[in-house]
Every structure is written in structure tokens, then in C-alpha cells.
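Novice: The structure's right below; bear with me while I get my questions together.
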Amino acid sequence: MPWFPDFASAAELVRQQTRAAGLADPVGQYFAALNSGDTHALETVWPGEVVVHDPRAGEVRGHRQLRHFVNRNQRWLAEHHARIETVASTYSSGRAVVELLAHLGVDGQEVAWPVAVVAEAPDDLSVVFRSYCSQVPVTGQHEVRDAILKPGQVHPDGAVGRFQAALEAGDAGAMVSAFEADGYYREPIGPHATHRGTAELRSFFAGRFSAGGGIGLQNCVVTDDGVRCVLEYNCVRWGRRDLPPQAGLGVYERGADGLLAAARVYDDVEPPAELR
């Protein structure tokens, strides 16, 4: 998982909130130093802790590890002729989520890779980044992503809550009823795996539940701006099969009537063998 320059977008949203609260502004200074390549200034402009939770590199902690991580992945981006598109940004309560679509050259073809980045400022001198995505668009296969967060007392209401309850129960009809007539669900593997409208959604969800039950999630953290509800979760069950907790993130975008206009998922959970 490369370090995208657009991580700065997430950090900027957090920075705006800390400034509004009258706190210090280390995030903007930090990314100015990072983008200029002035690595000697990093510890000065951000004296607190910097942590990145990355699907491939694992936990990157501290300024020295971060510099190696950034340099390595900037080269990776250049080799793959990366072009980054911002899909949406959501922020609330000192936390920001930026959804990206990375256009990459892989094996001579361009692929579109959905990535979500969470930036959270535990204090005015520190920041934590959590990245979520599927490795399938890049490597062609799923990779188990261990849980990052512990389960929390998170219980969304409205259409998001109905969607989650139906997902747990394996009720395709109830899931579809949470969407607007033209609403869509996008799988983690890319925009080509988007299911729009009642008929497509019902067919897709029914297929996902044909392994004998619903999908069990442990909600960990919610970031909700009133339009988009972002849930960071651990997936622990698919059908009859229990799973080791695997980290993921879902974005549920409400339409004008409160129903879901869109659901976009970022995880690397592999379906049971009978569904592949």
C-alpha cells in the first residue's frame, strides 16, 4: 500500500478542526516538510507520535520509519505511473476519512484501485493514519488484514442501521430496501464491481448470502458528517464460517430521503470457496 500524496487531504481536514479548536497546527507544517523532502525538519515540526497502519507494511511508527516508508512508496507510485482521484471526504470529531481512486499501470493495463485513508489526531502534536483497501486490483489475490481497532459501542440508526442488521441476518430484501431506487453498492475490488438499482442489488446480495447466512461485523469507530457515515469494522463471519477478525471500512452515503444513495466498501475479506 503506497503512501499517497492525497493523505495530506485527510490530514488537512483534521488540521482545520484542530485550528478551529484553537490548538496548534503541526499537520500542515508536517506535510509541507514531507512534500518538500526536507526530512531533517520532520521531528521539529511534529514532535509527537506519527503512526501509519498499512495493509502491506503493517505498523509504521515514528519519524525514521515513516521516512523510509514514504521514500519507498513514492518510487512505487512512479513506477506504476499513478494518478490519484479523490472520491469523497468525510470528517467529524477530530477524524477525517478520504476516499481515493488510484489509477495504476499493472502488467501493461490500467487498473482503478479504491483506497480509503483515515487520519485521526489523538492530540495536537500526534497523528494516526489507517489505510483500507483490497490487494486484488494490484496483486490479483486477497491478503488477510488483521484487526487494527477493538470493537466499540457503535450502533448507527436509520438506513445505515437497517443495512447492517440485514447484512448480519443475511436478508437480501431488507438490504435492498435500505437503498434509494437508483442507489449503488461498490465492492472493494474496484468500480467495475458496482451494483446499481433494485434488481442488481437484490441479485448481488442474494449471491453473497448463498453460503448459508449473513456477514458478521464488529463495529469499531464511526465518522459521520450527516451525509456520509463511515464505519471502521472487523469482519468476523461470512455465512457459516467464522473468520479471524479482519479490518475493513464501509462508507454509507445518504440521499435526500435518508435512504442510501451509495455504499462503498474497503476491505480484503475473501468470500467462502463456494462463492468464488
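The values are calculated or read from the model by the stated rules, or taken from the named source; none is laboratory data. Keep in mind it's a predicted model, so treat the numbers as computed, not measured. Heads up, the Cβs are rebuilt from the backbone with ideal geometry, glycines too, and the neighbour counts pull from every protein chain shown. Just so you know, the surface numbers come from the protein's heavy atoms only, side chains and all, with ligands and any DNA or RNA stripped out. Shrake-Rupley method; radii C 1.70, N 1.55, O 1.52, S 1.80 Å.
Novice: Test of understanding: among Arg186, Arg130, Arg145, which residue is basic (Lys, Arg) and open to solvent by 20 Å² or more (accessible area, probe 1.4 Å)?
Specialist: Exactly one of Arg186, Arg130, Arg145 is basic (Lys, Arg) and open to solvent by 20 Å² or more (accessible area, probe 1.4 Å), namely Arg145.
Novice: Taking the stretch 68-91, which residues are surrounded by 14 or more Cβ atoms within 10 Å (Cβ to Cβ) and in contact with a helix residue (DSSP H, G or I) (Cβ under 9 Å, 6 or more places away or on another chain)?
Specialist: Val70, His80, Ala82, Ile84, Ser89, Thr90, Tyr91
Novice: Go through (1) part of a strand (DSSP E or B); (2) loosely packed, with under 15 Cβ neighbours inside 10 Å and name the single condition Gly212 misses.
Specialist: Status for Gly212: all satisfied but (1).
Novice: If you scan the stretch 189-209, which residues turn out to be within 23 Å of the chain's Cα centre (by Cα), free of Cβ contacts under 8 Å to residues at least 24 places away in the same chain and open to solvent by less than 60 Å² (accessible area, probe 1.4 Å)?
Specialist: Within the stretch 189-209, Ala193, Thr194, His195, Phe204 qualify.
Novice: Same structure again: Take the residues in the stretch 235-253 that are among the aliphatic types (A, V, I, L, M) and touching a residue at least 24 places away in the same chain (Cβ under 8 Å); name whichever of them is surrounded by the fewest Cβ atoms within 10 Å (Cβ to Cβ).
Specialist: Ranking the candidates gives Leu243 first.
Novice: Can you find a residue that is more than 17 Å from the chain's Cα centre (by Cα), of a type in the set (Ser, Thr, Tyr), modelled with pLDDT under 85 and open to solvent by 60 Å² or more (accessible area, probe 1.4 Å) anywhere in the stretch 108-126?
Specialist: Looking through the stretch 108-126, none of the residues is more than 17 Å from the chain's Cα centre (by Cα), of a type in the set (Ser, Thr, Tyr), modelled with pLDDT under 85 and open to solvent by 60 Å² or more (accessible area, probe 1.4 Å).
Novice: Among (1) within 14 Å of Val251 (Cβ to Cβ); (2) surrounded by fewer than 16 Cβ atoms within 10 Å (Cβ to Cβ), which single condition is Pro151 missing?
Specialist: (1)
Novice: Among the listed residues Gly170, Gly94, which satisfies the condition of being on the phi > 0 side of the Ramachandran plot, modelled with pLDDT of 85 or more and open to solvent by less than 50 Å² (accessible area, probe 1.4 Å)?
Specialist: Gly170
Novice: Val251: closer than 22 Å to Ala116 by Cα and touching a Pro at 6+ places or on another chain (Cβ under 8 Å), yes or no?
Specialist: No, not satisfied.
Novice: Kindly establish whether Glu49 is touching a residue at least 60 places away in the same chain (Cβ under 8 Å), over 29 Å from Arg237 (Cβ atoms) and open to solvent by 60 Å² or more (accessible area, probe 1.4 Å).
Specialist: yes
Novice: If the requirement is being hydrophobic (A, V, I, L, M, F, W, C) and under 23 Å from Ala261 (Cβ atoms), which of these qualifies: Val136, Val70, Val98?
Specialist: After applying the criteria, what remains is Val98.
Novice: Still on this structure: Do any helices (runs of 4 or more DSSP H) lying entirely in the stretch 110-188 carry at least 3 residues that are within 17 Å of Asp224 (Cβ to Cβ), and which ones are they?
Specialist: In the stretch 110-188, the matching helices (runs of 4 or more DSSP H) lie at 158-169.
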